Amino acid sequence: MKKRASILLIFIMALSVVFTSCGSTNSNSTNSNSSESSSETTTTPAKNIKLVYWTMWNETEPQGQVIAEAVEAYSKQTGIEVELNFNGRDIRKNLQPALDAGTQIDIFDEDIDRVNSTWGNYLLDLEELSTKSYPSTNGKPFTEVVNKALIDIARQVGPNGRLSSIPYQPFAFVVMYNKDIFDQAGITSIPKTWEELLEACEKIKSIGKIPWTVDDAYMAALVGYHLARTIGMEETLKIANDNSWDHPGVLELAKDWEEMYQKGYISPNAAANVWPAGQQEIAQESVAMYLNGTWLPNEIKSSVKPDFRWGTFAYPSVSSDGDPITYNNIGGQCFAINKNTQYPQEAFDLIVTLTTGKYDTKLAQESLGVPMGLDSDWPEQLTEAKTVFENTTNRYIWAVGMENSADVNAKIKKNFALLISGKLDAQGFAEAMKN
Amino acid sequence: MKKNRAMINAFLAPAVLAYLVVFLYPTLRTIVMSFFKVESVTDSVSKWKFFGLGNFKTIFSSELFITSLKNIGNIWLIGGISVMVLALLFAVILTSGIKFKSFYRSAIYLPNVVSAVAMGTMWINYIYNTDFGLLNRILAFFGQGNKKVLWLGPDRIFWSMLVAYCFGMVGYHMLIFMAGIERIPQDYYEAATIEGANIWDRFIKITLPLLKGVTRSNIVIWTVTTVGFFVWGQIFSPVNLSAGTAAPMNYMYELVFGSSSSVTVRDSGAGAAIGVLMTLIVVTVFFATTFIVRNDDSEM
């Protein structure tokens with residue numbers, strides 16, 4: 001009797017181990033958004049189609065909420081079930097293993113460079129699908145009703161130069177500034193050259209505010225931009241790729257920023273700003289300008305006063321040997337379709353819903369972001385950014401390549417922080433970077 | 001009790017299976033991976049290219065990796081000595097019969113219970129903040145407010161991080177020392193006192209020698225946690241790696257999964273090489289401490 005009881009116990013234990021391990025592999029989606037509607041409002045009959053969409057947003061983020069709404073509306077209208085999986089930024093680690101394991105994932109989104117270069121092998125070619133017209137495009141091909149610059153970039157970075165992703169939430173990496181401080185300081189026009197910027201800094205300093213700040217996360221981008229404005233994009237990319245800093249432009253950059261430190265134009269805290277400390281200085285209105293992305297108003301929405309007035313301008317030109325202000329880092333997130341999907345057209349339909357018309361506008365408004373559709377309204381905070389987008393002729397890659405190598409990035413962070421806190425002079429910076 | 005082979009095997013089976021699948025297989029796979037050029041951790045074996053010792057050459061030619069090794073070297077040596085000395089001091093004090101021993105023990109151990117992320121965030125924002133932080137406020141109180149110290153600047157951030165880290169680690173090692181001290185029979189101390197030994201003599205001649213085994217355990221545990229130093233490096237440098245805060249694990253994380261701020265080339269083979277190197281370090285230190293701190297004379 002005792003033996004039978006213990007055998008039964010072992011059996012139950014083994015079963016429980018098997019069931020718990022089975023159970024955990026199934027439920028991956030945190031929020032299944034499915035609506036199998038009856039055929040009341042459908043234009044096409046319910047086909048028992050299920051799309052799986054993995055997004056980089058979290059459920060609580062404004063983008064996540066708008067996407068959830070759009071997906072539900074799409075499901076109601078078409079009768080297609082959509083499983084929406086809010087991965088958050090962990091999608092950067094989770095997606096490829098899931099795709100390799102053969103999980104059904106029809107649509108996914110992430111940064112345009114990550115989708116096209118890291119996950120390029122998993123993308124469906126969208127050239128054909130994107131030239132068709134859709135209900136919300138008023139008879140025109142899809143690519144003609146959305147932001148052309150972004151589509152061109154997507155094609156440029158796509159595998160074999162083919163359009164394999166549809167951008168959304170575009171951003172530009174620009175100088176974000178506090179309009180109130182500019183008005184108070186009596187600055188009437190946006191600085192377009194380094195000299196004009198220095199003049200503006202002097203005016204801001206005279207009213208007791210700090211002109212500029214930076215934090216550790218964006219130092220490499222600042223150095224990359226300034227270097228590209230000094231010696232041009234090609235030379236800067238070469239320096240970033242070879243990690244060889246002998247170019248005389250490096251010393252010029254060092255002298256410019258040494259001057260910024262000596263004149264007190266850069267925040268004394270900047271060298272010790274661990275992200276997001278730099279943004280917080282902007283939010284508290286102690287600093288006027290910050291080189292960052294147009295996502296900034298959304299990111300510090302809860303820290304700024306309700307009527308905070310945002311302005312944006314392209315990083316000023318520094319030298320005639322360098323790039324003009326029409327060269328900027330423009331990018332965005334993008335949607336992509338798994339090349340092994342069974343429902344390419346349906347997946348693209350969903351993407352169209354998210355990048356044109358009502359939901360495109362809503363996404364831009366709720367997330368204080370840039371819309372994709374040409375007819376959509378821009379949020380007030382980013383009106384000046386429109387000029388930057390329209391005037392950009394050449395694209396910088398992220399941080400003009402200065403973050404491509406962890407070694408280069410770390411070296412810049414250390415030495416630039418020493419430079420802007422007076423612990424290294426210009427010559428010292430140039431020497432330190434050569435090592 | 002009769003030994004029933006079948007029963008023993010049946011009960012051991014789940015644990016052994018779990019160990020093989022979750023620990024041994026990944027370890028072996030990582031060791032093999034370190035000799036191949038692999039991009040993504042989940043790439044199938046068909047995509048691996050044999051690379052010999054190439055991955056090891058790659059990591060040692062990276063300045064940031066060498067800096068990260070120096071960082072954990074400093075954490076291990078300087079942090080280790082500080083933590084052990086403080087832990088031993090507190091352990092001796094708390095076992096000497098003072099009042100409120102339980103309260104002090106809980107208070108000193110409390111940082112260990114709090115999540116490292118919460119602790120790190122608190123240190124950065126509450127203590128080290130340039131404008132509002134505790135340290136700069138204290139300096140201002142003593143009239144030194146003009147010169148605001150940049151505790152998180154590039155030259156100080158490593159030491160700031162080390163202090164914050166060690167603060168949390170003292171309690172854990174103190175408990176281990178206390179357990180060791182409490183095992184020493186009181187008779188030895190009584191006999192020594194009768195013979196005329198003072199506190200210092202008792203400590204040096206009785207307590208320390210009889211704590212050899214516990215000290216060795218502490219050193220090994222400290223080494224293992226130091227080699228796995230990761231969370232604090234991430235918190236003090238949240239977006240991408242800094243020379244002052246990077247530990248090999250942080251470097252490996254970014255190498256294997258890519259940077260979170262830009263799209264970098266991933267190299268899981270090199271990451272695996274780092275993993276193998278860290279394992280070798282721990283094993284070496286373990287054997288070194290076994291030979292140096294012999295456990296032969298604590299016959300408890």
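Any read-out appearing in this document is the output of simple, stated calculations on the displayed coordinates, not a laboratory observation. Keep in mind it's a predicted model, so treat the numbers as computed, not measured. Cβ: placed from backbone, ideal geometry, glycine included. Neighbour counts: every protein chain shown.
Quick notes on this one:
- Arranged from fewest to most other beta-carbon atoms within 10 Å of their beta carbon, B:Leu89, A:Leu227, A:Leu129, A:Leu363 become B:Leu89, A:Leu129, A:Leu363, A:Leu227.
- Take each peptide in B:250-256, A:195-201, count the other Cβ atoms within 10 Å of every residue, and average; sorted highest first, the result is B:250-256, A:195-201.
- When the convex hull of its Cα atoms is projected in every direction, mean area for chain B (nm²): 23.7 nm²
- Student exercise, region A:238-289 dipole from Lys, Arg, Asp, Glu Cβ charges, in Debye to nearest 20: 60 debye
- If R0 equals 25 Å, the separation of the Cβ atoms of A:Asp242 and A:Asp321 corresponds to a calculated FRET efficiency of about 0.85.
- Ranking B:Ile184, B:Val265, B:Pro111 by Cα position along the charge dipole of region B:54-292, where only Lys, Arg, Asp and Glu carry charges on their C-beta atoms, puts B:Pro111 farthest toward the positive end.
- Within the shell of other residues whose beta carbon sits under 15 angstrom from the beta carbon of A:Asn298, the net charge comes to -2, with Lys and Arg scored +1 and Asp and Glu -1.
- Positive minus negative residues near B:Asp131 (Lys, Arg vs Asp, Glu; Cβ under 13 Å): +1
- Prolate/oblate/rounded label for the protein assembly as shown (Cα gyration tensor, a/c 1.5): oblate
- Its Cα centre serving as origin, region B:54-292 has a Cβ charge dipole (Lys and Arg +1, Asp and Glu -1) of approximately 220 debye.
- Estimated Rh, region A:295-348: Kirkwood, alpha-carbon pairs, angstrom: 16.0 Å
- Label positions at A:Arg4 and A:Asn121, each projected 7 Å from the Cα along the C-beta direction, are separated by 5.7 nm.
- Entry note: region B:14-59 has Rg to Rh equal to 1.09, where both radii use alpha-carbon atoms and Rh is the Kirkwood radius.
- By the rule of a C-alpha distance below 23 Å, with chain neighbours fewer than 8 residues away ignored, the lysines paired with A:Lys140 are A:Lys132, A:Lys148, A:Lys358, A:Lys362.
- Over 32 Å apart at the Cα level, from the set B:Lys101/B:Lys212; A:Lys179/A:Lys263; A:Lys205/A:Lys238; B:Lys47/B:Lys70, are A:Lys205/A:Lys238; B:Lys47/B:Lys70.
- Shape of region B:208-300, Cα gyration tensor, a/c cut at 1.5: prolate
- Pair-distance profile P(r), taking every C-alpha pair of chain A, with 20 angstrom steps and integer %: 23, 49, 23, 5, 1
- Using the Cβ of A:Asp256 as centre and a radius below 14 Å, the other residues enclosed give a net charge of -4, where K and R count +1 and D and E count -1.
- Only one residue of B:Ala246, B:Val276, B:Ile221 has its Cα farthest out toward the positive end of the dipole of region B:197-298, where Lys and Arg carry +1 and Asp and Glu -1 on Cβ, and that residue is B:Ile221.
- For B:Lys148, the aspartates and glutamates whose Cα comes closer than 14 Å to its Cα, not counting residues fewer than 8 places off in the same chain, are B:Asp131.
- Using the Karplus relation 6.51 cos²θ - 1.76 cosθ + 1.60 with θ = phi - 60°, the per-residue 3J(HN,Hα) values for region A:8-18 come to 4, 4, 4, 4, 5, 4, 4, 4, 5, 5, 4 Hz, with x marking Gly and Pro.
- With the Kirkwood sum run over all distinct C-alpha pairs, region B:113-266 has a hydrodynamic radius of 18.9 Å.
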